[in-house]
């Protein structure tokens, strides 16, 4: 187990190193200079040079790469070119919006998907199943920002139950904070729920055909009892894998939803930073997200290995 | 010495402000949305207009200031004297003005601010505004003398820019995140990515504003802007980004729509050094190929004033030269043929993100195609535009709104991205810069406008409109935008 863990750890470190090179390379190659962006069209050459020196942009790219990586190793993510605040603090501030939003959306999507998937599997081929499958097809096909606009139109503009966007901040209280994240969370959750419900249904249908389900029925459990006691539990494994993937998607991929609801989250930070060529912010945020995904995978690998000893001998 | 009296005008203004203030006893807070978030809050070291929108006249003040109608009036300088040869300005500062940290604003601060903008490693985005300053001298705590290398008729105008506001050496260190000025509002809080809050400054030297607090919110998405306004989450949207939605607000009694003018001359910039645009006949053909009204209607939903030269139509010195480049496709084709391009030409059209460029570009490309000019549309971000078009001059055509006030002087810079190199125009600008007589200046400005129109330097399209949406009860908003500013001191709620 220890050897296996060390091997996995080594591959984690290599992945991170490769990711850092790719991220830095791709972002630095994009045309555009942060100093010219900030100073605009009337800037004089000496002003530009002064600002570039102030921002530390006057050294070679290689030097900048090592400054950046070296800083991250000691926990220093650099200082934003435009905002002039430490990137780590900006990320921490934005995570307070993005992380709860992702969790909220994930919870909603699970709450919708589980009953829908189980219901559909239990009524396979019947009108109930067809209705759920039709709805999920729609949920996958329609982009989340369209849902977002419809939600705003109905619940913010017409019914006035929610604000059209923005985040009130957790300091105003947990429930008011949650309230202001509700529409974006629903918009994010619906397409995810559609995917999850389909996975839940097909995974459950696979299980229902297994020998142990027949045994359970033979022991005298009713169809429903067998479904709940043995089916759902075993069907959860693929579903949990999907949930894990969805979480990293929700955390990193809510850029459009954060734009539509003007939420001060990570996605919007990256979006603004890219157009302002605030390279250090883009690089550090993307690196952090890569780090999060790779680390989660690493932990999942370890967990699989702990559960299933056969995996340890492989790789 | 000639004395310029400005006191009477200032007191008339003060009276007006008092009247406004006494009317408003209703609501005293306001939420104003704008599209872009400022990168930081120091107007003296960045070009971002969003900075000025939040801080200009609210947090920071200069020696002079712009009013909503574009006029320049005394700010922290209560009066000034100009020497006979026009090179020495002696400013008398207002008494009893303090910065938000309690320190007094005096001549030393003025000297500090101007010197800071002038120094070698200054990060001022508009350093050229101060280029003519030879020295700044403190006479006494309330008197400061600025000596110019040559007379400059624009000097008082230049000092009104947000880039010329007075800052204090004591608070300059963290000015970017904690701005300390002399204005009627103090900096409250900045939730990055979300909002900035300003509070009324009880120690303000002038009249107390009607508003107690103001919150600026940042909503970049046009659909979100519409929703936020409709849901009444915000009270005002400065520069509303979706002109197509304005009729809906106009029809709704809960809202008012303010249509004004900006300093933005929107032009089809042409690379004057790149063949075939180095041939004036080709540039003239471009000008006649364009149907301005169709662009204004199609891209801006009718908002915008056609222009025939690079000058703001609301300026008294404006000359209407639109007839010089009237829409005439046949003439355009004939000109192209005459220049040897009867089979048409191919070029690129670089479009930055604003909708005037992206939407306008599609229409212009179609209009140019009609006369045989095939323009390949290339969509770029601002950072790319600055790099390849502005700096690299690697473009044929591009569409940009030049938003700096009174910026016809850019045509005197041969290395400016559209590369117009005319000795006549450069001489004319030199004369203008040293002319202080208003009438003479108007005449010279007229000549300048005619010259760049006759040379067909760029395709002159339209003056960008300022489109504001506000709740019906908000009064005192600037209709026009002589500079990027949301002047909170004049805003109040009606009963």
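Numbers below:
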item	result
Volume per residue of the C-alpha convex hull in segment B:262-464, rounded to whole Å³	104
Inverse of mean 1/r across different Cα pairs in segment A:182-236, Kirkwood, Å	12.5
If the convex hull is drawn through the Cα atoms of segment B:252-318, its volume per residue in Å³	119
Per-q log10 I(q)/I(0), segment B:320-431, q = 0.17, 0.21, 0.24 Å⁻¹ (Debye; single scatterer per alpha-carbon; no solvent)	-1.06, -1.30, -1.29
Per-residue Cβ neighbour rank within 10 angstrom, fewest leading, B:420, B:89, A:304	A:304, B:420, B:89
Distance in nm between pseudo-label sites at residue B:369 and residue A:296 (7 Å out along the Cβ direction from Cα)	4.5
Residues A:168, B:400, A:239 arranged by fewest to most Cβ contacts within 10 Å	A:168, A:239, B:400
Projected label distance in nm at residue A:28 and residue A:249, using a 7 Å step from Cα toward the beta-carbon	3.3
Whole-angstrom gap from segment A:68-132 to segment B:375-400, using each part's C-alpha centre	37
Hypothetical label at residue B:443: residues of segment B:285-322 whose amide nitrogen lies under 18 Å (7 Å Cα-Cβ projection)	B:316-319
Convex hull projection area averaged over all views, segment A:78-198, Cα basis, nm²	9.6
Share of alpha-carbon pairs per 10 Å distance bin for segment B:50-197, given as whole %	11, 43, 35, 9, 2, 0
Whole-percent pair-distance distribution, where bins are 10 Å wide, for the alpha carbons of chain A	5, 20, 24, 24, 16, 7, 2, 1, 0
Estimated distance in nm for a label pair at residue B:358 and residue B:297, the labels positioned 7 Å out from Cα along Cα-to-Cβ	2.4
Shielding by other protein chains, B:37-43, mean Cβ within 10 Å	4
Cα gyration tensor of segment B:385-452 - equivalent ellipsoid semi-axes, whole Å, descending	26, 12, 10
Förster radius 22 Å - calculated FRET efficiency between residue A:149 and residue A:176, Cβ distance, rounded to 0.05	0.40
Contour minus Cα-Cα distance for residue A:126 and residue A:237 (0.36 nm per residue)	37.4 nm
Segment residue B:434-residue B:83, extension gain: residue separation times 0.36 nm, minus the distance between their alpha carbons	125.0 nm
Between segment B:127-142 and segment B:433-495, the alpha-carbon center distance in angstrom	27
MRE, 222 nm, helices only [DSSP H, n ≥ 4, -39500 (n - 2.57), over chain A, to nearest 500]	-24500 deg cm²/dmol
Shape category assigned to segment A:197-313 from the gyration tensor of Cα positions, a/c cut at 1.5	oblate
Distance histogram in 5 Å bins (all Cα pairs of segment B:81-166, percent per bin)	3, 14, 24, 26, 20, 10, 3, 0
Pairs of alpha carbons in segment B:264-381 whose separation is greater than 23 Å (percent)	28
Helix-only CD estimate at 222 nm, as mean residue ellipticity for chain B, using -39500 (n - 2.57) per DSSP H run (n ≥ 4)	-7500 deg cm²/dmol
Segment residue A:54-residue A:96, extension gain: residue separation times 0.36 nm, minus the distance between their alpha carbons	12.1 nm
Rounded D (µm²/s) - chain B, Kirkwood Rh over Cα pairs, Stokes-Einstein at 10 °C, 1.306 mPa s	66
Using alpha carbons only: equivalent-ellipsoid semi-axes of segment B:397-495, gyration tensor based, whole Å	35, 18, 11
Kirkwood Rh and Cα Rg combined as Rg/Rh, segment A:1-159	1.15
Fraction of alpha-carbon pairs over 26 Å apart in segment B:173-284 - percent	49
Per-selection Kirkwood Rh - the protein assembly as shown (Cα, Å, 1 d.p.)	29.8
Cα centroid separation - segment A:22-57 against segment B:158-201, whole Å	24
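Just so you know, all these numbers are worked out from the coordinates, no wet-lab data involved. Just so we're clear, the structure is a prediction, and the values are computed from it rather than from any experiment. Reconstructed Cβ throughout: ideal geometry from the backbone, glycine too, with neighbour counts over all protein chains shown.
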